[in-house]
Amino acid sequence: MNRPKYRGRLAPSPTGLLHLGHARTFWVAQERARANGGTLILRNEDIDSTRFKLEFVPQMIEDLRWFGFEWQEGPDCPDQSGFGPYNQSERRPFYAAALEKLRERGFVYPCTCSRKDIRDAASAPNAGDDEEPIYPGTCRNKNLSTLNPVKGRGPHGALRPQLSTRFSWRFRVPDSETVSFVDGNLGAQQFVAGKDFGDFVVWRGDDVPAYQLACVVDDAAMQITEVVRGADLLMSTARQILLYRALGLTPPAFYHCALMLDEKGRRLAKRHDALSLRTLRERGETPELLRRF
Ligand code: GLU
C-alpha cells in the first residue's frame with residue numbers, strides 16, 4: 001500500500017519570544033518527523049497583524065536554529081517545494097476561498113456580537129479556564145437579509161457583505177454531537193459540540209481569518225499527516241475536525257504534548273521571559289543542556 005509520507009510542521013506565532021515550552025513541543029514534532037523518515041515544515045503564523053511583531057520573525061528563526069531545529073520547507077529554507085508560501089500573511093486568498101465554501105454550504109453565519117455582548121449574555125457559561133465562553137447563539141438564526149447586506153469583495157478579497165456594522169463569521173456547531181478522535185499521545189478524546197464548545201469564529205470582525213480556519217486550510221494544503229502541538233489545543237482540535245468535515249477535507253493524525261509548567265504550576269506563556277530561549281542563551285545555557293532538561 002502506498003502510505004503518504006510523513007509530513008509534520010512547526011507553527012509558531014511571532015507574538016513574542018519562544019520559550020522552553022515551545023521548544024519542547026517542537027522537539028517532539030521534529031523527533032517524530034525524523035523517526036518516520038518524514039519532512040518537517042516551518043509555518044510562520046503571522047496572520048494576526050494586531051498581535052504579531054515583525055521583529056519577532058527573524059528572532060524566532062534564529063532561536064529555533066540555535067536550539068537545533070532543522071526544517072526542510074518554509075522560511076529560511078533554500079528549497080521551496082511548492083506547498084508554500086509559508087507565511088500566513090501571504091495566504092489570505094486560500095482562507096477567503098475556504099470561508100466562501102463554508103458560506104455557500106451554510107456552515108457559517110454572520111455575527112454582530114462583541115466579546116462584551118457574549119460575556120454579558122446571562123446564559124453564557126464558561127467552558128473552562130482558557131476557553132472562550134460558549135456562544136449563546138444570539139445571531140444564529142438571524143437571517144442575513146435582515147442585516148441588509150450588499151454582496152461584494154472586501155478590501156482583501158474575501159467575499160463579505162458590505163455592512164456598516166462590523167461582524168464576524170461564526171461556524172454553526174452540530175449541537176450535542178460528540179466529536180471524538182484518538183490522540184497519538186493522550187489516547188481517546190471526546191468533546192460534545194454545543195456543550196464543551198459553542199459556535200466559533202472563523203473570520204473575525206476586523207477582517208482577519210481566525211486561527212481555526214487558517215490552521216485547517218494550511219495543514220490540509222501543506223499535506224500535513226500529523227499535527228504535533230500543545231495539550232491546550234485539544235478542544236481546538238475538536239473544532240478543527242468539524243471544519244475539515246465541512247470543507248470536505250481529511251484530517252491529519254494528532255499528537256498533543258503535555259504543557260510545561262512554571263515553578264508555581266502555571267503554564268508557560270510568552271510573558272515568562274526568564275524561560276525564553278533568548279534569555280537562556282544570553283545566560284550562557286547551551287542547547288545540548290536544555291534539550292536534556
Ligand atoms: N500558531 C499556533 C500557536 O502558536 C499554532 C498552534 C498549532 O500548532 O496548531 O499556538
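Contact map, region 9-38: first residue without any contact (Cβ under 8 Å) to a residue 60 or more places away in the chain, second residue within 14 Å of the ligand (Cβ to nearest atom) and part of a helix (DSSP H, G or I), Cβ cut-off under 6 Å, separation 6 or more or different chains; pairs are 12/60; 14/56; 14/57; 14/60. Among the residues of region 226-247, write down those that are free of Cβ contacts under 8 Å to residues at least 60 places away in the same chain and more than 10 Å from the ligand (Cβ to nearest atom). Of everything in region 226-247, those that are free of Cβ contacts under 8 Å to residues at least 60 places away in the same chain and more than 10 Å from the ligand (Cβ to nearest atom) turn out to be 231, 234, 238, 244, 245.
Could you tell me whether region 43-57 includes any residue that is out of contact with any Lys or Arg (no Cβ under 9 Å at 6 or more places or on another chain), exposed (fewer than 14 other Cβ atoms within 10 Å of the Cβ), closer than 21 Å to residue 225 by Cα and modelled with pLDDT of 95 or more? Outline the logic, then answer.
Restricting attention to region 43-57, the residues satisfying the condition of being out of contact with any Lys or Arg (no Cβ under 9 Å at 6 or more places or on another chain) are 44-46, 49-57.
Now drop any that are not exposed (fewer than 14 other Cβ atoms within 10 Å of the Cβ), which leaves 49-51, 53-55.
Checking the rest, the ones that are also closer than 21 Å to residue 225 by Cα come to none.
For region 43-57, residues out of contact with any Lys or Arg (no Cβ under 9 Å at 6 or more places or on another chain), exposed (fewer than 14 other Cβ atoms within 10 Å of the Cβ), closer than 21 Å to residue 225 by Cα and modelled with pLDDT of 95 or more: absent.
For region 106-118, the candidate set comprises residues that are of a type outside the set (Phe, Trp, Tyr) and surrounded by 12 or more Cβ atoms within 10 Å (Cβ to Cβ); within that set, the residue that is modelled with the highest pLDDT is 108. Of all the residues in region 27-39, those that are within 13 Å of the ligand (Cβ to nearest atom) and buried (at least 22 other Cβ atoms within 10 Å of the Cβ) number 1. Conditions first: (1) touching a strand residue (DSSP E or B) at 6+ places or on another chain (Cβ under 8 Å); (2) closer than 19 Å to residue 108 by Cβ; (3) more than 11 Å from the ligand (Cβ to nearest atom). Residue 223 passes all but one, so which condition is the exception? That leaves (2) as the condition not met.
Applying the condition of being within 17 Å of the chain's Cα centre (by Cα) and not in a loop (DSSP other than H, G, I, E, B) to region 193-210 and asking which residue is farthest from residue 103 (Cα to Cα) yields 197. Filtering 7, 92, 24, 103 for residues that are away from the ligand (no atom under 13 Å from the Cβ) and within 21 Å of residue 290 (Cα to Cα) leaves a single hit, 24. Against the definition (in contact with a Lys or Arg (Cβ under 9 Å, 6 or more places away or on another chain) and either crowded, with 20+ Cβ neighbours inside 10 Å or over 21 Å from residue 89 (Cβ atoms) (or both)), how does residue 237 come out, yes or no? Yes: the conditions hold for residue 237. Only one of the numbered conditions (1) assigned to a helix (DSSP H, G or I); (2) touching a Phe, Trp or Tyr at 6+ places or on another chain (Cβ under 8 Å) is violated by residue 13, and that is (1).
With respect to (1) at pLDDT 90 or above; (2) aromatic (Phe, Trp, Tyr); (3) over 17 Å from residue 242 (Cα atoms), the lone exception for residue 181 is condition (3). The residue that is nearest to residue 6 (Cα to Cα), counting only those in region 190-216 that are β-branched (Val, Ile, Thr) and away from the ligand (no atom under 12 Å from the Cβ), is 202. Filtered by the rule that a residue be farther than 23 Å from residue 217 by Cβ and either modelled with pLDDT of 95 or more or surrounded by 20 or more Cβ atoms within 10 Å (Cβ to Cβ) (or both), region 65-105 gives 65, 66, 67, 68, 69, 70. Can we say residue 241 is in contact with a Gly (Cβ under 9 Å, 6 or more places away or on another chain), at pLDDT 95 or above and not in a strand (DSSP E or B)? Spelling it out, it is not the case that residue 241 is in contact with a Gly (Cβ under 9 Å, 6 or more places away or on another chain), at pLDDT 95 or above and not in a strand (DSSP E or B).
The values are calculated or read from the model by the stated rules, or taken from the named source; none is laboratory data. Everything quoted here is computed from the prediction, not taken from an experiment. Cβ: placed from backbone, ideal geometry, glycine included. Neighbour counts: every protein chain shown.
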